[in-house]
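Shown next, in structure tokens, is the structure this report addresses.
The values are calculated or read from the model by the stated rules, or taken from the named source; none is laboratory data. The structure presented is a predicted model; accordingly, all values stated were derived computationally and were not measured. Quick reminder, even Gly has a Cβ in these numbers, built from the backbone with ideal geometry, and neighbours come from all protein chains shown.
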Amino acid sequence: MVGVLALVYGCTDEFHQSFVEGRDSSVLDLVADLTGGLTGGVVYAVITRILNRYDPVSEKSKTPQEE
């Protein structure tokens with residue numbers, strides 16, 4: 001999902017740049033947008049997984065039947 005959103009954003013950004021004087025659209029910029037979006041998504045997923053592993057609230061909120 002993150003990759004699709006980054007790609008769509010990159011396409012609209014490159015389309016807009018094609019109309020701005022002194023700027024041009026580039027496939028390499030589109031690849032950079034996609035790479036940045038995917039990298040950010042992976043970093044977010046890793047950090048979320050690490051933080052959820054050590055979440056003290058989830059241990060305390062368990063009822064005796066869940067243990």
query = What do you reckon, is Thr39 on the phi < 0 side of the Ramachandran plot and modelled with pLDDT of 95 or more?
reply = yes
Scanning region 51-63 for residues that are at pLDDT 70 or above and surrounded by fewer than 10 Cβ atoms within 10 Å (Cβ to Cβ), the one farthest from Met1 (Cα to Cα) turns out to be Tyr54
